[in-house]
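As structure tokens, the structure follows; a few thoughts come after it.
The values are calculated or read from the model by the stated rules, or taken from the named source; none is laboratory data. Just so it is clear, the model here is predicted, and its values are computed rather than measured. For neighbour counting, all protein chains shown are included, and Cβ atoms are generated from backbone atoms with ideal geometry for every residue, glycine included. Surface areas here come from the heavy atoms of the whole protein model, side chains and all, with no ligands, DNA or RNA. Shrake-Rupley method; radii C 1.70, N 1.55, O 1.52, S 1.80 Å.
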Amino acid sequence: FGRTEVIDNTLNPDFVRKYILDYFFEEKQNLRFDLYDVDSKSPDLSKHDFLGQAFCTLGEIVGSPASRLEKSLGGIPGKKCGSIILSAEELSNCRDSATMQFCANKLDKKDFFGKSDPFMVFYRSNEDGTFTICHKTEVVKNTLNPVWQSITIPVRALCNGDYDRTIKVEVYDWDRDGSHDFIGEFTTSYRELARGQSQFNIYEVINSKKKMKKKKYANSGTVTLLSFSVESESTFLDYIKGGTQINFTVAIDFTASNGNPSQSTSLHYMNPYQLNAYAMALRAVGEIIQDYDSDKMFPALGFGAKLPPDGRVSHEFPLNGNIENPYCNGIEGILEAYHQSLKTVQLYGPTNFAPVVNHVARYAAAVQDGSQYFVLLIITDGVISDMAQTKEAIVNGAKLPMSIIIVGVGQAEFDAMVELDGDDIRISSRGKPAERDIVQFVPFRDYMDRTGNHVLSMARLAKDVLAEIPDQFISYMKSRGIKPNPAPPPYTGPGNTHHHTQI
């Protein structure tokens with residue numbers, strides 16, 4: 001993808017070169033970093049000494065505190081290779097909007113009878129010297145001293161994120177027939193405008209044709225910036241960087257319709273050579289979400305089974321058998337607990353979702369300050385028995401910092417799940433529609449390719465179910481007026497205070 005600059009004679013280099021990558025929450029973006037000691041001018045890496053390498057995902061860097069990840073370097077057997085520090089920062093010029101207000105004084109009179117009807121047109125300059133229109137003000141009728149209404153323009157529209165790029169402004173006198181008369185023009189830049197109201201932001205409006213003709217020509221009036229402010233839309237990454245944790249909970253369907261786990265036709269069949277659909281769906285989604293949860297401890301629940309010793313039916317039991325502490329260590333820990341519970345519980349029924357939804361909602365209700373967000377993954381074979389209660393649980397959950405992913409396995413009809421998904425019609429309960437859409441449903445069978453290759457299909461499954469989470473997350477934070485915490489200050493290496501390594 002790219003190489004950093006070479007830094008001479010140091011064992012603690014602080015690289016300055018930055019790399020711009022597209023980031024997708026819903027994908028596993030694997031990265032590898034190789035370090036070399038440069039011995040000659042050769043561009044061929046095999047001519048230089050290999051110093052070690054590190055692997056991680058972009059999600060791991062982004063999900064680390066302050067989006068700064070330290071990893072040990074490996075790759076040389078029996079040797080300690082030091083460590084690498086990776087930090088990521090979202091490019092922010094993509095989301096600022098500038099709001100400004102202008103007035104003008106003593107513009108040239110262009111109309112034979114009345115005064116002028118002035119309006120302004122803003123252009124940004126392109127790399128090749130051409131100009132692209134990016135805003136027109138309204139027309140103020142019959143005045144040489146107009147005060148225009150304030151305008152809001154995305155910074156990328158104004159200067160493409162380059163604060164020193166020329167911004168050209170033309171002033172016209174409006175005519176009904178469309179042949180607007182040119183009064184004059186001036187140029188500025190975002191950096192100048194951002195200084196706000198000051199003597200620097202009073203501009204002479206110049207008409208070069210007039211200037212050439214008239215010796216005594218001064219200007220065709222002046223334009224003054226009255227106010228300037230800039231606002232930034234917070235993004236999903238701003239919250240993650242500010243320390244918001246994503247808590248991942250999984251709930252697995254243990255109803256009898258799955259089939260007897262000891263038979264190969266069962267959806268819960270334990271094939272020694274291959275993960276079943278439950279395990280595959282769990283791993284696909286879990287491996288991506290785990291990058292955003294610092295302790296990697298995940299509650300895992302089952303529903304629809306009879307539990308030992310007395311055979312009572314439960315719709316929210318811990319897979320690890322520990323009511324006090326249902327947390328499993330990592331995705332592997334969940335899979336382990338899932339396998340164990342299949343040996344001890346009896347598949348039963350009915351298929352009730354509301355208990356596990358309400359279980360997660362209780363936790364989400366306890367932290368509504370934006371520091372945590374909850375994602376519940378429900379994996380089920382099918383037909384739901386408590387539709388009314390589940391709808392009510394989801395409508396209540398829509399007010400809380402939580403999202404629900406449902407993966408349907410097996411060949412059943414999933415009409416009810418599609419209804420819960422609410423993409424076509426927002427779900428409601430007792431006449432109250434959900435405040436936001438928090439459910440995403442996908443049928444597992446849509447992701448099995450004909451060849452039985454699961455690797456690609458699982459990446460697609462994760463992508464589709466996770467794609468909506470950042471927007472659902474932002475919609476909760478916005479509706480509650482929660483701003484991201486400022487990230488902790490970036491790390492600066494020993495003795496080197498001004499360069500920040502950046503990925």
Query - Exposure rank, largest accessible area first [Phe131, Phe254, Phe15; 1.4 Å] - result: Phe131, Phe15, Phe254
**Report entry** Label point at Met448 placed 7 Å out along Cα→Cβ; residues across the range 344-384 whose backbone nitrogen lies under 19 Å
**Finding:** 379-383
Report summary line: Expected field for Glu70, accessible surface area in Å² at 1.4 Å probe radius, rounded to 10, holds 100
**Report entry** Folded to 0 to 90 degrees: helix 354-366 orientation relative to the chain principal axis, Cα
**Finding:** 50
Query raised in the report: On average over all directions, what projected area in square nanometres does the range 278-331 have, based on the convex hull of its Cα atoms?
Result: 4.2
Query raised in the report: Given the chain, what percent of its DSSP beta bridges are antiparallel, to the nearest 5?
Result: 70
**Report entry** Ile427 long-range amide H proximity, modeled H, under 5 Å
**Finding:** Ala434
Query - In sequence order, calculated HN-Hα J values of the range 190-202 (Karplus, 6.51, -1.76, 1.60; Hz; x Gly/Pro) - result: 4, 4, 5, 4, 5, 6, x, 5, 6, 5, 6, 10, 10
Query raised in the report: Going out from 0 in 10 Å bins, what whole percent of all Cα-Cα distances in the chain drops into each bin?
Result: 3, 15, 20, 17, 16, 14, 9, 4, 2, 0, 0
**Report entry** Degrees separating the helix 330-344 axis from the principal Cα axis of the chain, which is the longest one
**Finding:** 30
**Report entry** On Cα atoms only, tilt of 455-466 relative to the major axis of the chain in degrees
**Finding:** 60
Report summary line: On the formula 1/(1 + (r/R0)^6), with r taken between the Cβ atoms of Thr265 and Glu233 and R0 of 56 Å, the FRET efficiency rounded to 0.05 is 0.65
**Report entry** Heavy-atom accessible area order for Leu456, Leu420, Leu91, largest first, 1.4 Å probe
**Finding:** Leu456, Leu91, Leu420
Query raised in the report: Shape call for the range 365-465 from the C-alpha gyration tensor, a ≥ b ≥ c root eigenvalues: rounded (a/c under 1.5), prolate (a/b greater than b/c) or oblate?
Result: oblate
Query raised in the report: What residues have an amide H closer than 5 Å to that of Leu73, excluding those fewer than 5 places away on the same chain, when H is modeled at 1.01 Å from N in the peptide plane?
Result: Cys81, Gly82, Ser83, Ile84
Report summary line: Each label sits 7 Å from Cα toward the beta-carbon; between Ser46 and Ser83 the label points are separated, in nm, by 3.4
Requested in this report: Report the full-extension gain for the segment Glu336 to Asp37: residue separation times 0.36 nm, less the Cα-Cα distance, to one decimal in nm.
Outcome: 103.3 nm
Report task. Keeping every protein chain in place, order Glu435, Glu170 by accessible area at 1.4 Å, biggest value first, i.e. largest first. Result -> Glu435, Glu170
Report summary line: Expressed in square angstrom to the nearest 10, the accessible area of Asp423 with a 1.4 Å probe stands at 90
Query - Computed Rg/Rh of the range 240-330, alpha carbon atoms with Kirkwood Rh - result: 1.02
